[in-house]
Structure formats: C-alpha cells, structure tokens
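A.B. asks: Supplied in structure tokens, the structure appears directly below.
The values are calculated or read from the model by the stated rules, or taken from the named source; none is laboratory data. Since the model is a prediction, treat every value here as computed from it, not as a measurement. Neighbour counts are summed over all protein chains in view; Cβ atoms, including those assigned to glycine, are modelled from backbone coordinates with ideal geometry.
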Ligand SMILES: [Zn+2]
C-alpha cells in the first residue's frame, strides 16, 4: 500500500489505543517508517529517464533495508525509549509496524506484476520471502476502499475527540482544523464551536 494509507491505518489504531500526543505519534510513525527504504524511487526514475546508466536504489533497497525483523526490533526499542517504557505504546508500535508488512504482502503488487517480497528475517537470514498468491495491485480498489475508509474514520475521530493527525505537525493547525470540521459537521452533544 502507499504510505498515506499506511499512515491513516496506523493513526486510527494509535487514536484508539493510546492517550497522549507523543504516543499517538510513535504508534503512527511506526506504521509508516518501513517505507523510508523507498527513498530511491524519485532518484531512480529521474536517473532512468535522464541517464544511460540507471541508479537502482529503489529496486535494490525497497523492502530490503527496513521491511524486516531487524528494523522492527530497532523501531520497537526506539518506541520503548521515546515513550519512557510505556508497554502499551511499545506493543502497538510493534503491531502497526507488522501491520504495514502484512498490508504490503496482500496489496502492493507492482504494475509490472512484481510482488515486492518481504524478506522478514533480514539481516539474520534471507530464507523467508513473504509473498501471497492472492496479492492485489498497488492501485487496486481494495486499497482505495481501505484508504478512503480510514480517512473517513480519521475525520470522524477528529470530530469526536478533538484532535487529528495534524497535531503531529502543529497544535495550532490541528485546533483550527478540528474547529472547522465541527462547524461543518456539528456534534449532537455539544455546540459546534467548542473543542474538548
Ligand atoms: Zn512498505
């Protein structure tokens, strides 16, 4: 799946399971961060178009560097440290990380039919290459349904609880967004202008 879908899935889980802004950010980021190994995508495309010799940083590193148990351990330990030992945050950060891998296995087939296997045991072993014969394309309708569903759920939660993913970037922007959302879509139990 594409990073925005991973982000929204992880945010919904973070929103439902953790209590603080910091912990929501940790659980959400853990579910997106495996895709930093896709950093080579724009470089590779640009080089392929403009140079004779392509720089295959996306083809060679995506799903290799960060979609594995070694990086999962690093992210889990980082979540433990940054949440100051909150076991719930640690658990759900580990969960969203692995849910990311699961979603890639079921719904990230490339346009060329390549399945982008997940070499889960790296860096210990290259023996496991997770794939699924029923995997659908990256731009297939189930991914769109999941993405749109999680986006709608994110809006509903923001209206209900008074915060949105924008809190990770700016409290002011988050407050303005929730306030506008509640004006357009007032809660039944309180005035539209009130943010809890
Ligand atoms: Zn991924």
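A.B. asks: For the range 7-33, how many residues are surrounded by 18 or more Cβ atoms within 10 Å (Cβ to Cβ) and in a helix (DSSP H, G or I)?
C.D. replies: Count: 18.
A.B. asks: Determine whether the range 34-50 contains at least one residue that is touching a residue at least 60 places away in the same chain (Cβ under 8 Å), crowded, with 18+ Cβ neighbours inside 10 Å, within 16 Å of the ligand (Cβ to nearest atom) and closer than 21 Å to residue 82 by Cα.
C.D. replies: Checked the range 34-50: at least one residue is touching a residue at least 60 places away in the same chain (Cβ under 8 Å), crowded, with 18+ Cβ neighbours inside 10 Å, within 16 Å of the ligand (Cβ to nearest atom) and closer than 21 Å to residue 82 by Cα.
A.B. asks: Please specify each residue of the range 129-156 satisfying the condition of being more than 18 Å from the chain's Cα centre (by Cα), free of Cβ contacts under 8 Å to residues at least 12 places away in the same chain and surrounded by fewer than 12 Cβ atoms within 10 Å (Cβ to Cβ).
C.D. replies: Within the range 129-156, 133, 141 meet the criteria.
A.B. asks: Scan the range 55-64 for residues that are surrounded by fewer than 18 Cβ atoms within 10 Å (Cβ to Cβ) and either in contact (Cβ under 8 Å) with a residue 24 or more places away in the chain or touching a strand residue (DSSP E or B) at 6+ places or on another chain (Cβ under 6 Å) (or both) and jot them down.
C.D. replies: If the condition is that a residue be surrounded by fewer than 18 Cβ atoms within 10 Å (Cβ to Cβ) and either in contact (Cβ under 8 Å) with a residue 24 or more places away in the chain or touching a strand residue (DSSP E or B) at 6+ places or on another chain (Cβ under 6 Å) (or both), then 61, 64 are the ones that fit.
A.B. asks: Just wondering, is there one or more residues in the range 17-25 that are within 13 Å of the chain's Cα centre (by Cα), at pLDDT 95 or above and closer than 18 Å to residue 103 by Cβ?
C.D. replies: no
A.B. asks: So which of 85, 70 ends up being closer than 23 Å to residue 2 by Cα and out of contact with any helix residue (DSSP H, G or I) (no Cβ under 8 Å at 6 or more places or on another chain)?
C.D. replies: The match here is 70.
A.B. asks: Filter the range 14-33 down to residues that are within 16 Å of the ligand (Cβ to nearest atom) and under 12 Å from residue 165 (Cα atoms), then give me how many there are.
C.D. replies: The number of residues fulfilling the criteria is 2.
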